[in-house]
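Have a look at the structure below, then the notes.
Each reported figure results from applying straightforward, stated rules to the coordinates on display, with no laboratory input. As the structure is a prediction and not an experimental result, all values here were calculated from the model. No Cβ is skipped: glycine too gets one built from the backbone with ideal geometry, and neighbour counts run over all protein chains shown.
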Amino acid sequence: MFAIFKKKTEKERLQKKYKTLMEESYKLSHTNRKASDEKQAEAAEILEQIEKLPE
């Protein structure tokens, strides 16, 4: 019930952004390969940031 008041951690925020970028990349892969590759590169940068975060 009180989950609506809980702030998202940095890791949760980055994971959501990563997931969104990967979904966009997949959708673009059907029409525009270059744009898809750019989204995938952005997602890779986000993944590196996630891995650098302490547990």
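Relative to the longest principal axis of the chain, what angle (0 to 90°, nearest 10) does the C-alpha long axis of helix 33-52 take?
That works out to roughly 30 degrees.
Using only alpha-carbon positions, what ratio does the radius of gyration of the chain give when scaled by 2.2 N^0.38 Å?
Scaled against compact globular proteins, the figure is 1.37.
With the crude spin-label approximation of a point 7 Å out along Cα→Cβ, what separation in nm comes out for residue 42 versus residue 5?
3.5 nm
Determine the gain in length on full extension of the stretch residue 17-residue 33; use 0.36 nm per residue of separation and subtract their C-alpha separation, reporting nm with one decimal.
Separation in residues times 0.36 nm, less the Cα-Cα distance, equals 3.7 nm.
Positive end of the dipole of the chain, charges at C-beta (+1 Lys, Arg; -1 Asp, Glu), about the Cα centre: which of 36, 26, 4 has its Cα farthest in that direction?
So the residue we want is 4.
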